[in-house]
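Colleague: Below are the structure tokens for one structure; questions will follow.
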Amino acid sequence: MPNNIILSVIVPIYNAENTLNDCLSSVLNNNIEIILINDGSTDKTEKICMEYCKKNKLIRYYYQDNKGPGAARNYGIDLAKGEYILFLDSDDMIDRNILLSILNNELRQSPDILYYNFEQVSQNGKLIRIHKLDAFSNMSKRDLIINTLSWSLPWGQFKIVKSVLLKKNQIYFDEERRDCEELFFTIRCLEFANKIEFTEKILYKYIKRYESLSNT
């Protein structure tokens, strides 16, 4: 395993056989580490993961008994070797070309947190809304926290975080919570971050599904 990995993409997975191929295909062909955490799936998730592992040595697969997405993300944080961490839900996708651009540009400026814009898309592919997080780029840390707490600034997986920020300050998801655990995680990230940046690039495609990981 190379030691100069810029980015680790952590994918918590639960019974995602119908969406996993699209998700993983969207993040391939970049020099990044992909960590697959199977959170006790009972479908063909493991088989699909193993097929991808055979194709790419930077894809790593792990299984845990069902504990929820927060626990799966925590497992991935401990395993990550990249300088940065990005969380990708197994029913969503990213733009691989935009990701490559961010790796070569924004992350070279060494932010502690990098927020990116994202699209909200219906299950049949119709664009619902573009969320422009870069509209918050001129705010102080205090105002970013206030806007996060008020839900004005989305607090989901729509940011890239420096690994050392998480590991040095022991920032993890609260595994006892089954709702809003990402909110508390984000607030702690903001509290300890010194350099918070925003990009106008649209990296993430959040697919609004009836049975999405987030909704579950």
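Colleague: Which distance in nm do the two modelled labels at Gln109 and Asn97 give, with both placed 7 Å along the Cα-to-Cβ direction?
Modeller: About 2.2 nm, to one decimal.
Colleague: What's the exposure ranking of Met93, Met139, going from fewest to most Cβ atoms within 10 Å?
Modeller: Sorted ascending by nearby Cβ count, the order is Met139, Met93.
Colleague: Sorted by mean Cβ packing within 10 Å, highest first, what order do the peptides 17-28, 123-134 take?
Modeller: With the highest mean Cβ count within 10 Å placed first, the list reads 17-28, 123-134.
Colleague: Between Met50 and Met139, 0.36 nm times their residue separation minus their Cα-Cα distance comes to what?
Modeller: Residue separation times 0.36 nm, minus the Cα-Cα distance, leaves 27.7 nm.
Colleague: Rounded, prolate or oblate: pick one for the stretch 37-83, where a ≥ b ≥ c are the square roots of the eigenvalues of its C-alpha gyration tensor, a/c under 1.5 means rounded, and failing that, prolate if a/b is larger than b/c, else oblate.
Modeller: Cα axes put the stretch 37-83 in the oblate bin.
Colleague: Also, I was wondering about something else. How big is the antiparallel share of DSSP beta bridges in the stretch 7-208, given as a percent to the nearest 5?
Modeller: Of all bridge pairs located within the stretch 7-208, approximately 30 percent are antiparallel.
Colleague: In addition: Here are a few candidate values for mean projected area of the Cα convex hull in nm²: (i) 13.0; (ii) 18.4; (iii) 11.1. Which one was actually calculated from the structure I just gave you?
Modeller: Matching the structure shown: (iii).
Colleague: I would also like to ask the following. Return the lysines within reach of Lys141: Cα separation strictly under 16 angstrom, same-chain partners fewer than 8 residues apart disregarded; answer none if there are no such residues.
Modeller: In chain and number order, the partners are Lys159, Lys195.
Colleague: Net charge around Ile196, counting only other residues with Cβ within less than 14 Å of its Cβ (Lys, Arg = +1; Asp, Glu = -1)?
Modeller: Here the charged neighbours net out to 0.
Colleague: Give me the angle, in degrees from 0 to 90, between the Cα long axis of helix 181-192 and the longest principal axis of the Cα atoms of the chain, rounded to the nearest 10.
Modeller: Helix 181-192 sits at roughly 50 degrees to that axis.
Colleague: What does the helix-only formula give at 222 nm for the chain: each DSSP H stretch with n ≥ 4 adding -39500 (n - 2.57), the total divided by the residues, and the result rounded to the nearest 500 deg cm²/dmol?
Modeller: Per the formula, -9000 deg cm²/dmol.
Colleague: Tilt of helix 69-79 relative to the longest C-alpha principal axis of the chain, in degrees (0 to 90, nearest 10)?
Modeller: Helix 69-79 and the main axis of the chain meet at about 90 degrees.
Colleague: If you don't mind, another one. Angle, helix 45-55 long axis vs. longest principal axis of the chain, Cα atoms, 0 to 90°, nearest 10?
Modeller: It is inclined by approximately 80 degrees.
Colleague: If you only keep lysine pairs separated by 8 or more in sequence, or across chains, how many in the stretch 1-126 come under 29 Å at the Cα atoms?
Modeller: Taking the Cα cut-off of 29 Å, the pair count is 17.
Colleague: Cut-off is 10 Å between beta-carbons; in what order do Arg60, Arg96, Arg73 appear when sorted fewest neighbours first?
Modeller: Arg96, Arg60, Arg73
Coordinate-derived values only; no laboratory data. Quick caveat, the model's predicted, so the values are computed rather than measured. Here the Cβ is made from the backbone with ideal geometry for all residues, glycine too, and neighbour counts use every protein chain on show.
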